Amino acid sequence: MDPVGIGGDPLEELKSFLRFPSISTQPEHAPDLASCAEWLWEKLTAIGLTAAIHSTPGSPVVLASSPHDPAKRTVLIYGHYDVQPPEPLAGWTTPPFEPRIENGRIHARGAADNKGQILAHILGVSETLREKGALPVNIIFLIEGEEEIGSPNLEAFLREHREELACDLVAISDTAMGPGNKAALTYALRGIAAMELLVRGPARDLHSGLFGGAVANPATVVARLVASLHDTDGRVLIPGFYDAVRPLEPWERAAAADLEKAAGGDDAIKELAGVIELSGEKGFTTIERIGARPTAEVNGIGGGYQGEGTKTVLPKEAFAKLTFRLVADQNPAVILAAAEEYLRAQTPPGILLEITTGHSGAAYQSDPNSTDGLAARKALKEAFGTEPLLLRDGGSIPILATLKEILGVDSYLLGLANPDCRIHSPNENMLIENFLGGIRMNKILLEELGKAS
């Protein structure tokens, strides 16, 4: 195991962290996850925090804290040490767990998601302690090893350790910088609700000549069900779908306009997506549709003969996989129930519709104009030299809503990953300037949060 301590070369410490193949999706890497947790425990202990490794039914959770001063505010910093599988290995220029520095970037699996980002926070605390001897706030580190598989054991852990984790706010760096690698504070993420449809018709595939026109075709039915989700203006037609959606504030529309300008406008988004035209709900800009509006998406659809050439069958069944991306105040369970009721009402006689609900998670939104939001923005600005963009991310981090429910505090997402970091893909990387900037940002953030009340 690589030695860890205080005052060392930050990049060498990051390299040591990145060498662990801490892949939570693959059971054979359980020993590597345990070793990585041990490395974190050593690091956090060496910088002067009280640290412990907690077993769970899956990967261990690492907790560390500074001595508690009741006169100071408490900041919980969340991150994860598990990483995605590196496959396809042929796509990597060098082995994924042998860190490589080239052209101002460090390349390795986990460089941006999330080892580089959480280590920047750890080293920021370390430097503050070394320079000042004390922290301006109480610190708790909560670093888990199952984020990449949906954090199945974290909610129970949070409930069991609720008192130990009591804090005033949560700081997370597990998101990206803005377009052009500009500083950004993500203040909202969409939630998610998943559903699968199985449309059953005849007991077996039928000859389309003998039965076509006399028996409902499941493939046609599933296509019609999917098509019934939207009107021609891109709005979702499920009754009540928009009832809980908050209208966009003027400042949010201004922030979205700033982000769209920084991103290069619709032309840049079309190029990124590889399309010749954009589409979606009318009345909103592309950036607003991506981050601030709920959607109904078809993730997969199929049925009947899939081989080469023609086979004249009327298939016995067809399927569709759906996900609904939700915004603040939309309840995933309510949306799934409304969707099921609506889809069943569209199903014709003679067809059996089986619906299976999948994973779900609530949307999350904090206030970037709150006292703590302004402190986070100031830390980003001073560390990176630009006024931070305010982002509503279209993706989902369900654990944020869980943190809010159990701990009763807001989370602030201060992204450090470069937009082209290739997370979950071969040649994942992190700009060294972002990593070092993250260390500076942490030091400023703790100072500013210590002043906030």
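Laboratory data are not the source of any read-out in this text; all were calculated from the coordinates shown. All values derive from a computational prediction rather than experimental measurement. Here the Cβ positions follow ideal geometry from the backbone for every residue, glycine too, while neighbour counts run over all protein chains shown.
Model label points for residue 301 and residue 224, set 7 angstrom from Cα along the Cα-to-Cβ axis, are 1.4 nm apart.
Within segment 337-364, which residues have the backbone N less than 19 Å from the label spot 7 Å out from residue 211 along Cα→beta-carbon, could you tell me? Residues 348-354 fall inside that zone.
Output the 0 to 90 degree angle, nearest 10, between the alpha-carbon long axis of helix 250-263 and the longest principal axis computed from the alpha carbons of the chain. So the inclination is approximately 90 degrees. Only Cα sites of segment 356-429 enter the Debye sum here, all with the same form factor; the resulting log10 I(q)/I(0) across q = 0.19, 0.27 1/Å is -0.99, -1.25, listed in q order. Other residues with beta-carbon under 12 Å from the beta-carbon of residue 96 carry, at +1 per Lys or Arg and -1 per Asp or Glu, a net charge of +1. Cross-linked pairs 72/132; 182/270; 182/321: Cα-Cα separations exceed 26 Å for 182/321. Under the convention that each Lys and Arg Cβ holds +1 and each Asp and Glu Cβ holds -1, the size of the dipole of segment 44-132 around its Cα centre is about 240 debye.
Length gained on full extension, residue 149 to residue 257: 35.5 nm, using 0.36 nm per residue less the C-alpha separation.
Counting every other Cβ atom within 10 Å of each residue's Cβ, 261, 15 order from fewest to most as 261, 15. For segment 1-160, the convex hull spanned by the alpha carbon atoms encloses 114 Å³ per residue. Extension gain, residue 316 to residue 162: 0.36 nm times the residue separation minus the Cα-Cα distance gives 50.3 nm. Under a model in which nothing but the beta-carbon of Lys, Arg (+1) and Asp, Glu (-1) is charged, the chain shows a dipole of about 620 debye around its Cα centre. For the chain, the longest principal axis of the C-alpha atoms and the axis of helix 116-132 are separated by about 20°. So if R0 is 56 Å, what FRET efficiency would residue 50 and residue 275 give, r being the distance between their Cβ atoms, rounded to the nearest 0.05? Efficiency, from the Cβ-Cβ distance: 0.60. Axis angle, to the nearest 10 degrees, between helix 218-227 and the longest C-alpha principal axis of the chain: 50 degrees. Of the trypsin sites (Lys or Arg not before Pro) found in segment 116-173, the ones in coil according to DSSP and having at most 16 other Cβ atoms within 10 Å of their Cβ are 162.
Sorted ascending by nearby beta carbons within 10 Å, beginning with the fewest, 92, 251 become 251, 92.
Label separation (residue 440 vs residue 93): 2.5 nm, computed from points 7 Å beyond Cα along the C-beta direction. Residue order for 167, 421, 36, fewest other beta carbons within 10 angstrom first, comes to 167, 421, 36.
Helical runs assigned H by DSSP (4 residues or longer) give the chain a calculated mean residue ellipticity at 222 nm of -10500 deg cm²/dmol, each run adding -39500 (n - 2.57) before division by the residue total. For the listed peptides 389-397, 242-250, 27-35, a ranking on the average number of other beta carbons within 10 Å per residue, highest first, reads 389-397, 27-35, 242-250. Dipole orientation for the chain: of the candidates 307, 221, 417, 221 has the Cα lying most toward the positive pole (charges on Cβ; Lys, Arg +1; Asp, Glu -1). Modelled spin-label separation between residue 30 and residue 204, with each label point placed 7 Å from Cα along the Cα-to-Cβ direction: 4.6 nm. Only one residue of 437, 398, 351 has its Cα farthest out toward the positive end of the dipole of segment 345-446, where Lys and Arg carry +1 and Asp and Glu -1 on Cβ, and that residue is 437.
Looking at the P(r) of the chain, how many percent of alpha-carbon pairs lie beyond 39 Å? Before the final figure, lay out the partial values.
Working: 28566 of 102378 pairs.
I get 28 percent for the Cα pairs in the chain exceeding 39 Å.
Pairs of Cα atoms nearer than 8 Å and 6+ residues apart set the relative contact order; for segment 82-137 it is 24 percent.
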